[in-house]
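What follows is one structure encoded as structure tokens, with my remarks underneath.
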Amino acid sequence: MKELEDKIRSEGIVDNENVLKVGSFLNHQIDVPFIEKCGEEFYRLYKDDNVTKILTIEASGIGVAVLAALYFKVPVVFAKKSQSNNLTNDVYTEPIESFTHGTTYHCMVERRFLQPGDRVLILDDFLARGNALQGLIKMVNASGADLVGCGIVIEKAYQDGGKRIRDQGIRVESLARIKSMSPETGVIFCD
Ligand code: 5GP
């Protein structure tokens, strides 16, 4: 998505080779009309796949998932990263190693929100090593729902997550794919 590449070039901050900060439009402040266009693009890519549910993970996936859901007209389920009184005990739970914090947390989704017969599209903000996606995929598989595919706003293609997931035969669509980045070169996109 050319507009997204331009936005990353003008507003993204390359912290180091591993972390791109896009807090001005995706991860902290949300540029709603712009992220809505990302949601519309996911709809264009997956509109013929009879999606019945969008699954994401809190917190940064929620914005794009909700804006995409306006087009798909389906509910959004977001995996929670901590136990709370609002959750029943009947949950799927998966350990996920956090890319940004380096710690492992247990993400949870109540079983009633993922059912056999659902056709699930997983959406998230970033794809790096693929741990977050892998955790969500395992929960979809455990539920008996069908996984339609994954949609990612920004994939760092030089990390191995995308390959790991695509090698399982899972469709992964990324709106921007980064070939390399550093504070000196800025962001370089895949062709
Ligand atoms: P993975 O599990 O694929 O290694 O990492 C994906 C998760 O880590 C995303 O949900 C995102 O929150 C976070 N993440 C990974 N890389 C970056 C990055 O370069 N910038 C930001 N802002 N978040 C990232």
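Only the coordinates and a few stated rules stand behind these numbers; no lab work does. Everything numeric in this text was worked out from a predicted model, so none of it was measured. Neighbour counts are summed over all protein chains in view; Cβ atoms, including those assigned to glycine, are modelled from backbone coordinates with ideal geometry.
Details
- Within the option set Ile30, Ile8, being in contact with a Phe, Trp or Tyr (Cβ under 9 Å, 6 or more places away or on another chain), of a type outside the set (Gly, Ala, Ser) and in contact (Cβ under 8 Å) with a residue 12 or more places away in the chain holds for one residue only, Ile8.
- Conditions (1) on the phi < 0 side of the Ramachandran plot; (2) surrounded by 20 or more Cβ atoms within 10 Å (Cβ to Cβ); (3) within 9 Å of the ligand (Cβ to nearest atom): number failed by Ser98: (2)
- Among (1) crowded, with 16+ Cβ neighbours inside 10 Å; (2) near the ligand (Cβ under 10 Å from one of its atoms); (3) among the charged types (D, E, K, R) - the single one Asp146 does not satisfy: (2)
- Close pairs from the stretch 152-178: first farther than 21 Å from Glu5 by Cα and touching a residue at least 24 places away in the same chain (Cβ under 8 Å), partner within 11 Å of the ligand (Cβ to nearest atom) and in a loop (DSSP other than H, G, I, E, B), Cβ under 9 Å, at least 6 apart: Arg164/Arg129; Arg164/Gly130; Ile165/Gly130
- Whichever residue in the stretch 108-134 is in a helix (DSSP H, G or I) and crowded, with 22+ Cβ neighbours inside 10 Å and, among such residues, is farthest from the ligand (Cβ to nearest atom): Leu133
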